[in-house]
Amino acid sequence: MEKELLEQLGSKIDSLLDELELLRMEVSELRSERDNLLVEKNESAERVKALLSRFDSLNIA
């Protein structure tokens, strides 16, 4: 009986460790995606600023 409980506990621990590793990989992927989105956001903001500067330079009243 005790051996079975220890085996079940070991199995659950192994399962949790596998799940933890998958979650760590997912977090890593999400961080990478977030970083890429931040870069895209900054690039878009710079393009908008450049376009606004061009409109400002037209001196339209």
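Readers should treat all values here as calculations from the given coordinates under stated rules, not as data from a laboratory. Because the structure is predicted, anything quoted here is derived from the model rather than measured. Don't worry about glycine lacking a Cβ; one is built from the backbone with ideal geometry, like all the others, and counts go over all protein chains shown.
Quick notes on this one:
- Proximal charge balance of SER53 [Cβ under 12 Å; K/R count +1, D/E count -1]: +1
- The chain - mean residue ellipticity at 222 nm from DSSP helices (-39,500 (n - 2.57) per run, n ≥ 4, rounded to 500): -34500 deg cm²/dmol
- In the set (i) 15, 12, 12; (ii) 35, 10, 5; (iii) 58, 6, 4, the label that goes with semi-axes √(5λ) of the Cα gyration tensor in Å computed for this structure is (iii).
- Mean-square fluctuations from a GNM of the chain, with a 10 angstrom spring cutoff on Cα atoms, peak among VAL39, VAL27, VAL48 at VAL48.
- Environment charge at ASP14 (Cβ cut-off 14 Å; Lys +1, Arg +1, Asp -1, Glu -1): -3
- Compared with the dominant Cα axis of the chain, that is its longest principal axis, helix 2-57 is turned about 0°.
- GNM flexibility winner over the chain from LEU30, LEU51, LEU22 (Cα, springs under 10 Å): LEU51
- 14 Å beta-carbon shell around GLU33, net charge (K/R +1, D/E -1): -1
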